[in-house]
Amino acid sequence: MLAVKLKPGERLVVNGAVLCNGKSRNTLYFANTASILREKDVMQIEEATSPVARAYYLIQLMMLNADDLNMYQPTYEKLMTELVRAFSNPAMKQKLAESGQWVLSGDYYKALVALRPVRDYEAALLSRTNMQSAAPIKEERLE
């Protein structure tokens, strides 16, 4: 049995339905398998601005819209293949592989969890790249 503690006003997606907690803390108990995603873990489409974020978003769609799985699967597989080729960090490649294995087994929540460190890593890389490109260019004197 899974127990999910909710803060006042917190939302939860269960099998695609959005549940909103009232004004007090509550605990929901799930006696069988369900696709559950806390509000803080839900990514909106406008947040899917990088390759890893798009992979996360596709996994989320597969989790919440099981009837449309065939629609998302080809795009997800192509994107994951590209990501595995793009990353050279062994730990990140391992997390991508873990995420892919969880998707294959149908455990989308664990696939999202495995992908989180890769999202953080990608964000750090992109941030560093943006900082370097925003740095002032040193002027050199030609004499």
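The values are calculated or read from the model by the stated rules, or taken from the named source; none is laboratory data. No experiment lies behind these values; they were computed from the predicted model shown. Because the Cβ atoms are built from the backbone with ideal geometry, glycine has one as well, and the counts that use them run over all protein chains shown.
Tell me, yes or no, whether the stretch 79-98 has at least one residue that is within 30 Å of LYS5 (Cβ to Cβ) and at pLDDT 95 or above. Within the stretch 79-98, one or more residues are within 30 Å of LYS5 (Cβ to Cβ) and at pLDDT 95 or above. Condition test on ARG128, is it at pLDDT below 90, out of contact with any strand residue (DSSP E or B) (no Cβ under 6 Å at 6 or more places or on another chain) and surrounded by fewer than 10 Cβ atoms within 10 Å (Cβ to Cβ)? No, not satisfied. The helices (runs of 4 or more DSSP H) falling completely within the stretch 1-105 that include 3 or more residues that are among the β-branched types (Val, Ile, Thr) map to 69-86.
State whether one or more residues within the stretch 80-103 are surrounded by fewer than 11 Cβ atoms within 10 Å (Cβ to Cβ), farther than 23 Å from ALA123 by Cβ and assigned by TED's automatic domain parsing to the domain that holds ARG116. The answer is no, given that none of the residues of the stretch 80-103 is surrounded by fewer than 11 Cβ atoms within 10 Å (Cβ to Cβ), farther than 23 Å from ALA123 by Cβ and assigned by TED's automatic domain parsing to the domain that holds ARG116.
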